[in-house]
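All remarks here apply to the structure that follows.
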Amino acid sequence: MSIFPEVAKGNQLQEGIETQKVADVIINQLKLWGVKRIYGVIGDAIFGLMEGLSRQNDLEWIGVKHESVAAMMASAEAKLTGRIGVCAAQMGPGLTNLMTGLGDAYLDRVPVLAISGQAPTPKIGTAYKQYIDQQGLVQAITGFSRIVVHPNAVVDTLTQAMFTAMEQAIPVHLSIPSDLWTLSCGTQPREPIRIINQIAGQSQLQQAANLMLKAKRPLILAGNRANHACDAIRKLADRWGCGIVVSYGAKGIIPDSHPYLLGGLGEGGNPFASDLCKQADVVLAIGTSWWPEYHVPKNAQVIHIEERISAIGEVIPSQVGIVGNIAEIIQALTEGMTDYRSNPAAN
């Protein structure tokens, strides 16, 4: 089952856009995750966000007179809908005013994302007006708080924040320096991951197996957290007829003599493994957070298997996440692949 409510089908990304401004990427990702509105008070450190909101009509800005009300409203929405509530405020005093509402969300265990502006990147840590250590401020009542200092880090950081909020039912926080909002971002907004509960039966695991059955160029990416599932991985590779690449820390969990082992993935790995990996259409990532940007496919369907839910969504842009005993999950997926050999798509 998914921990995320149904996302409105009307919230679609603008097509044909390869690079977008940071503000647009954040807005589009919020829409993909089912967010309908942002509550807040405008300040100069979030002018870039306001400009982005003015370029679209799906995500509504609800302006209020005091930031504490904005955070309370975001908390109330999360309680009523089960979706993540979002509030935004100016750096410094704007964020301090959000604290009461974030405390409400923290004590009532509901997911809220607080977005605050921050000083321009060259002024972080200086005596710039209204600058404070925002991560230190919110630490006691959030499960996650980060400052984004590069446009291409925004998707990974936002995904981890939102996933943490939904998985742990807790407020999270992002600081965005005022000079980042209008910069071009080279990464695309990421959809929420469908999480399959660790007590999922065969019928639920079949959702992942269905993706695997459709694969024409399947691949397994194994990490060091899969070291106790070596035999299960080898059996699955044999059934699926796919290559195996490993992260640096996982070297040795599959014998070098194994016919399907392609070697390590990344700058220090097998260069031919990178070429093959980039051609994969379905990737099964097992016990790893290793996803080297220039060595992985851009449009593959990714199934991520982990033993702890917080490891899913950190780095790897997955479509399906499965949490539980890795060896048992792989065995169940292997049993669901009995018809793969007769699948015309695999020929």
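The values are calculated or read from the model by the stated rules, or taken from the named source; none is laboratory data. Computed from a predicted structure; not experimentally measured. Here the Cβ positions follow ideal geometry from the backbone for every residue, glycine too, while neighbour counts run over all protein chains shown.
Residue count for the stretch 77-106 under the criterion of being outside any helix (DSSP H, G or I) and under 20 Å from Asn28 (Cα atoms): the result is 8.
Applying the criterion of being touching a residue at least 12 places away in the same chain (Cβ under 8 Å), assigned to a helix (DSSP H, G or I) and over 20 Å from the mean Cα position of the chain (by Cα) to the residues of the stretch 25-51, the residue that is farthest from Gly94 (Cα to Cα) is Glu51.
For (1) more than 16 Å from the chain's Cα centre (by Cα); (2) basic (Lys, Arg); (3) within 28 Å of Thr164 (Cα to Cα), each residue gets a yes or a no:
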residue	(1), (2), (3)
Ser289	no, no, yes
Val296	yes, no, yes
Glu307	yes, no, yes
Ala311	no, no, yes
Gln319	no, no, yes
Gly324	yes, no, yes
Thr338	yes, no, no
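Inclusion of Ile254 among residues that are farther than 29 Å from Gln188 by Cβ, in a loop (DSSP other than H, G, I, E, B) and free of Cβ contacts under 8 Å to residues at least 60 places away in the same chain is warranted. The set of residues in the stretch 108-128 being farther than 23 Å from Leu183 by Cα, among the β-branched types (Val, Ile, Thr) and either at pLDDT 95 or above or surrounded by fewer than 23 Cβ atoms within 10 Å (Cβ to Cβ) (or both) consists of Val112 alone.
Using the structure shown, decide if Val302 is over 16 Å from Ala232 (Cα atoms) and assigned to a strand (DSSP E or B).
yes
Scan the stretch 261-290 residue by residue and report those that are within 18 Å of Asn224 (Cα to Cα) and touching a residue at least 40 places away in the same chain (Cβ under 8 Å). Scanning the stretch 261-290 gives Leu265, Val283, Leu284, Ala285, Ile286, Gly287, Thr288, Ser289, Trp290. For Lys251, the criteria (1) surrounded by 19 or more Cβ atoms within 10 Å (Cβ to Cβ); (2) charged (D, E, K, R); (3) in contact with a strand residue (DSSP E or B) (Cβ under 9 Å, 6 or more places away or on another chain) hold in every case but one, which is (1).
The condition of being assigned by TED's automatic domain parsing to the domain that holds Asn210, of a type in the set (D, E, K, R) and free of Cβ contacts under 8 Å to residues at least 12 places away in the same chain holds for only one of Glu293, Glu335, Glu307, that being Glu293. Taking the stretch 129-229 and the helices (runs of 4 or more DSSP H) fully enclosed by it, the elements with 2 or more residues that are surrounded by fewer than 16 Cβ atoms within 10 Å (Cβ to Cβ), touching a residue at least 24 places away in the same chain (Cβ under 8 Å) and out of contact with any Asp or Glu (no Cβ under 6 Å at 6 or more places or on another chain) are at 202-213.
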